[in-house]
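One structure is given here, and the rest of the page talks about it.
The values are calculated or read from the model by the stated rules, or taken from the named source; none is laboratory data. Bear in mind the structure is a predicted one, so any value in this text is a computation, not a measurement. As a convention, Cβ positions derive from the backbone with ideal geometry for all residues, glycine included, and neighbour counts pool all protein chains shown. Ligands, DNA and RNA are stripped out before the accessible areas are found, and what is left, the full protein with its side chains, is counted by its heavy atoms. Shrake-Rupley method; radii C 1.70, N 1.55, O 1.52, S 1.80 Å.
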Amino acid sequence: MSLSHGQLLVHCVQVLDTYKGDVQSVEEHVNKYLKYNQIYDDSDQTFIVEVFSEIVRYASLMQVVLDGFYAKDGKKTLRSEQNLYTVVCYLALFRLDELGMAHFRKFVSSQDVNRMYRFLNFFLDEKNLLTWIRDGWEKFYERVFVETNIISSIQRWMPELQEMIGQMKDKIANRLKPKRKNLPTTETKPFNITQPRPRSIPIPEPIPKLTKHKPAPKTLYSEPKEFNKIKRNKESNRRVAEERLMEASRIQFACANPEKSQKTKEILTNIVSEEDAKLEFERHRANPPPSFLSREIPIKMNTATILREGNLYRKKEAEEIKKWENLEAGAKDASDFLKWQSEMKQRDLKEELAEIERRRLHGKLSHEEAILARQDLILENKQKVKSMKEETKKMMQEYLQKKFSEEKEIRQLVEDTMQGHKNAKEATKKLQEYKRKIVQDVNEESKELMKQALEEAEEEMRRRMELIHQIRAMEAVPIIRQKFVDLTATSGHGLLSEMSIAELRERLSLFKTAEKESEEQRRDDILAAKQAKDQMLLETLETISKHRLEQTKSAAVRFECRKKGLIPKKPEIKDPKLLELERKLEERKAQRKKEQEKAKLVPSRQSMNQTKNLINQKRAIEESRWRELEMTQERSARLVGDGAMKSHSASRLATSSAIMAS
């Protein structure tokens, strides 16, 4: 693993944060994330992929725990940390046997102690785990799966987990373990043994002669070839850098000649084209438009438009006939009513226009009042800021006094806790005995569950074997494959509508002849319907042409009336309320302008001095920049004069200087 435990946990949480299940698949998302974050180690990749895919698979199990945590103990925790708790819950449920307690402790210790203690204390509480959490898991999975794969595995590690939670609690409460006393080391004493006899002095062996050493190679006193290569590379790199410098100094003023924008180019082309058009005296005139465009071309009408327009005119004729019949029967003429109705509509229109104008003026007036209110609010805020600054000074003094008192209390608390650590050994012994009892109970329950699962699997296997024997016995029975067909005989099922194949063929032939006769009859009916439809269309076209002729005549009459000025103009609005609103609006505008003039900043001596200083600084920067440009030009000229560059670069420099001079 190239990444630490904390980094792996952070990557797992970020993969879950950026995952959108309705947009992309699990494999595509995790591959994109690994590629984006450049995680190439195989072990790290497999760990992140397995954790992410398994969390997506068992999301319902994690959601049961997280919903309960946020409802009870995690009311003050952030919802953004939900995926962190999901990863820790998954590692505790499914990967604890594979990781071991040491690696799991490293994952937990890489995060904040308070968060991890709050979540693990809730999740690993046996009252919660064996009651409502197990019931919630059994809604999604079978009871055997929950007991064998989840509950039993976590109960095996429960003593170590409880010990880890206790250590986290001690760390939060600042409980320090008492240091062990350094016991004095045991000093070794020699045994009281009789002294051995002195050994005889051995004969010395002859001293071996040293072999002649090889002389040092001649290459030791000569420079290596690599130094020459490095010198050559330095010279070539220096030459390339000088060429680039000359190229940069040649094009350094390119920013002073910016290219014109597209809009300015279009304006210039338009001006040039207009000036050129004034000089074209003998230009050929364009041909007039063709004569057929001035004529009205008749529009071809289809069947639907003819029927629609004919139906419209038919309805209008029926209304006119009904009107004349009512008049003949003694009904009253509605011309007076229509005149009164038009006058009332005119009056309603005037009122509506006046109401619209009133609303517009009210809106402008409210806008002006809002601006004035905003100005008053700014003044109030300035006063509030002054008062808040004074309050903050007082609060800081009170805070410092309070902090000193809290430090004294903490020191006293530390002394009290150090005295309370004396009885810690007895508590740890009791806890170990309690953990041993729990482990024994869990092992007995897991053995019973395994026996039940094996018995159920054996029964299922026996049932399947019996079914396989029955199917094979049914397949072994011989089948009679010869069939004797009599076309005149019936099947013999005893039904009233039962018939032989020969009778069926006869009936089919009779049915086909009857179908042909009905088809001929339908064709005759369709032809007659088409002829009737064509006749009806001709009649509707005649009525349409008559109505259109009458409409053109009435349109000509209306045009003449409009020319003579008989049509009324748009009504004018005169209302005293509107005049009053306009007057108020003008007063508010004048008041707003006065307030704005008062709020304008008057330039002071200090602001003028600041602006002058800024201008002087800008000038100094520009002068230094131009001085640097001149220095680069002088340096390039000196290089050309000394002959430090090749002929090619010198020719390029000469051409560039000639271009700049021109």
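For this structure, a couple of remarks:
- Descending Cα extents along the principal axes, the chain, whole Å: 164, 116, 78
- Förster radius 51 Å - calculated FRET efficiency between residue 359 and residue 613 (Cβ-Cβ, nearest 0.05): 0.45
- Cα point-scatterer Debye curve for the stretch 1-61, base-10 log of I(q)/I(0) at q = 0.24, 0.25, 0.27 Å⁻¹: -1.04, -1.12, -1.28
- Computed from backbone phi with θ = phi - 60° and the Karplus coefficients 6.51, -1.76 and 1.60, the 3J(HN,Hα) list for the stretch 543-551 is 5, 5, 4, 5, 5, 5, 4, 5, 5 Hz; x is used for glycine and proline.
- C-alpha center-to-center spacing [the stretch 216-241, the stretch 3-57] in angstrom: 50 Å
- Pairs from the table (408/435; 171/394; 332/553) lying more than 31 angstrom apart at Cα are 408/435; 171/394.
- Spin-label pair residue 336/residue 394, simplified geometry with 7 Å Cα→Cβ offset, distance in nm: 8.4 nm
- Calculated FRET efficiency for the pair residue 536/residue 276, C-beta based, R₀ 51 Å, to 0.05: 0.20
- Taking the longest Cα principal axis of the chain as reference, the axis of helix 262-279 is set at about 40 degrees.
- FRET E, pair residue 43, residue 113, Förster distance 41 Å, beta-carbon r, rounded to 0.05: 0.90
- Relative to the current alpha-carbon distance between residue 417 and residue 515, full extension at 0.36 nm per residue lengthens the span by 24.6 nm.
- Helical mean residue ellipticity (222 nm; -39500 (n - 2.57) per DSSP H run of 4+; nearest 500) of the chain: -24500 deg cm²/dmol
- Helix axis angle, 26-36 relative to the chain longest principal axis, alpha carbon, degrees: 70 degrees
- Scanning the chain for chymotrypsin sites (Phe, Trp or Tyr not before Pro) in DSSP loops with at most 10 neighbouring Cβ atoms within 10 Å leaves 282-483 as the longest stretch between them.
- For the stretch 387-398, 3J(HN,Hα) per residue [Karplus equation, 6.51 cos²θ - 1.76 cosθ + 1.60, θ = phi - 60°, Hz, x = Gly/Pro]: 5, 5, 4, 5, 5, 5, 4, 4, 5, 5, 4, 4
- Degrees between helix 605-642 axis and first principal axis of the chain (Cα, 0 to 90, nearest 10): 70 degrees
- Nearest-10 value in Å² for the accessible area of residue 301, using the 1.4 Å probe: 60 Å²
- ³J(HN,Hα), Karplus 6.51/-1.76/1.60, whole Hz, each residue of the stretch 157-170, x for Gly, Pro: 9, 5, x, 5, 5, 5, 5, 5, 5, x, 5, 5, 5, 5
- Neighbourhood net charge (13 Å Cβ-Cβ; Lys/Arg +1, Asp/Glu -1) for residue 109: +3
- Span from the the stretch 87-152 Cα centroid across to the the stretch 488-563 one, whole angstrom: 76 Å
- Extension reserve of the residue 225-residue 606 stretch, reckoned as 0.36 nm per residue once the Cα distance is removed: 130.3 nm
- Extending 7 Å from the Cα toward the beta-carbon at both residue 260 and residue 3 defines two label points whose distance is 5.8 nm.
- Label-to-label distance, nm, for residues given as residue 404 and residue 344 (7 Å Cα→Cβ offset): 8.8 nm
- Using C-alpha pairs under 8 Å with a sequence gap of at least 6, the mean separation divided by the residue count of the chain gives a relative contact order of 18 percent.
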